[in-house]
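The structure under discussion appears below in the form of structure tokens.
The values are calculated or read from the model by the stated rules, or taken from the named source; none is laboratory data. These figures come from a predicted structure and were not determined experimentally. Heads up, the Cβs are rebuilt from the backbone with ideal geometry, glycines too, and the neighbour counts pull from every protein chain shown. Ligands, DNA and RNA are stripped out before the accessible areas are found, and what is left, the full protein with its side chains, is counted by its heavy atoms. Shrake-Rupley method; radii C 1.70, N 1.55, O 1.52, S 1.80 Å.
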Amino acid sequence: RRGRLLNHLRFFLGMFLLKRADGIRVVSERVEKRVLALGIPSMRVTKIPIFVDTAHFFGATAAFDPRRTYPLFSKIVLSIGRLEPEKNFRGLIRAFVDVHKAYPDALLLIIGSGSERERLLLLARSLLLEECVKILPWARDVATYYKTCDVYVQPSLYEGWGLAVIEAMASGAPVVMTDVGCAGEVVEHERSGLVVPVGDEKALARAIIRLLQNHE
């Protein structure tokens with residue numbers, strides 16, 4: 001609703017349809033609670049998370065080492081997703097200012113495609129992070145990046161679920177994410193990852209630094 005005009009129209013169409021649907025599939029507890037809060041009977045709502053082939057990521061081996069591509073950096077902070085405003089890569093880049101101060105040898109690697117690419121590159125340049133922020137186009141072999149990163153970060157403003165988070169966890173990557181999507185359900189704060197408030201760039205930076213300090 002807070003996005004483009006087309007999204008605003010979709011929101012009201014969605015509200016119209018939800019209240020008249022015979023059955024509704026939701027992907028997370030968070031979405032389920034929001035749907036039930038609309039007064040929709042629970043018997044109409046079924047939770048089925050988005051399937052992830054976790055065995056593939058768990059058993060995958062790295063095809064290459066990104067540190068050979070970027071030899072000046074010994075630590076890699078990874079984030080994967082569409083380069084759109086709701087994914088909040090701008091906030092992640094701003095948070096990386098503090099990470100870079102603590103770890104000058106850390107690289108922020110963003111993988112994805114979308115309308116924000118040039119704006120993100122311009123932001124990194126304006127913050128003097130041009131050399132340590134790299135944006136790569138979408139890659140099919142994302143398992144290699146998950147397997148070789150030091151921290152995986154999901155900085156989204158909102159998510160229905162968080163497919164990349166599940167893939168990263170299955171690959172063994174420590175996860176930092178904002179309190180959206182599967183946070184609290186799959187990524188439990190202080191147990192299976194670190195969850196920070198949406199939009200809190202300082203908290204995001206502190207969580208990343210914490211995991212870089214204690215990768216284990």
Query raised in the report: So which of LYS87/LYS147; LYS47/LYS134; LYS75/LYS202; LYS33/LYS202 end up more than 26 Å apart by C-alpha?
Result: LYS47/LYS134; LYS33/LYS202
Query raised in the report: Out of PHE64, PHE12, PHE51, any idea which swings most in a Gaussian network model of the chain, alpha carbons joined below 10 Å?
Result: PHE12
Report summary line: Rounded to the angstrom and largest first, Cα extents along the principal axes for segment 1-59 equal 43, 32, 17
**Report entry** Whole-Hz ³J(HN,Hα) from phi, Karplus 6.51 cos²θ - 1.76 cosθ + 1.60, for segment 97-107, glycine and proline x
**Finding:** 4, 5, 4, 5, 5, 6, 9, x, 9, 9, 10
**Report entry** segment 15-165 - Rg and Dmax from Cα coordinates, angstrom
**Finding:** 18.8, 57
Query raised in the report: Long-range amide H contacts for ASP179: which residues qualify at under 5 Å (H placed 1.01 Å from N, peptide plane, sequence gap of 5 or more or a different chain)?
Result: VAL196, VAL198
Query - Percent accessible area from carbon and sulfur atoms, segment 1-126, protein chains only, probe 1.4 Å - result: 58
Requested in this report: With a/c under 1.5 counting as rounded, go ahead and sort segment 90-216 into rounded, prolate or oblate using the C-alpha gyration tensor (a ≥ b ≥ c being the square roots of the eigenvalues; past the cut-off, prolate if a/b is larger than b/c, else oblate).
Outcome: rounded
Query - Karplus 3J(HN,Hα) series, Hz, for segment 39-48 with 6.51 cos²θ - 1.76 cosθ + 1.60 (x for Gly, Pro) - result: x, 7, x, 4, 5, 8, 10, 10, 9, 10
Query - Choice from VAL198, VAL142, VAL52 with maximal GNM fluctuation in the chain (Cα, 10 Å cutoff) - result: VAL52
Query raised in the report: In nanometres, what is the gap between the two model label sites at ARG4 and VAL97, each 7 Å from Cα along Cα-to-Cβ?
Result: 3.0
Query raised in the report: Given H placed on each backbone N at 1.01 Å, which residues far from GLY193 in sequence or on other chains put an amide H within less than 5 Å of it?
Result: GLU188
Query - Karplus 3J(HN,Hα) series, Hz, for segment 186-193 with 6.51 cos²θ - 1.76 cosθ + 1.60 (x for Gly, Pro) - result: 10, 8, 8, 4, 6, 10, 10, x
Report summary line: Rounded to whole angstrom, the alpha-carbon centroid of segment 18-56 lies from that of segment 62-116 at a distance of 32
Query raised in the report: Just the accessible area per residue of segment 111-190, please: how many Å² with a 1.4 Å probe?
Result: 41
Query raised in the report: Does segment 69-115 come out rounded, prolate or oblate, given a ≥ b ≥ c as the square roots of the eigenvalues of its C-alpha gyration tensor, rounded meaning a/c under 1.5 and, failing that, prolate meaning a/b above b/c?
Result: oblate
Query raised in the report: Helix 201-213 versus the longest principal axis of the chain: what angle, 0 to 90°, nearest 10, using Cα atoms?
Result: 50
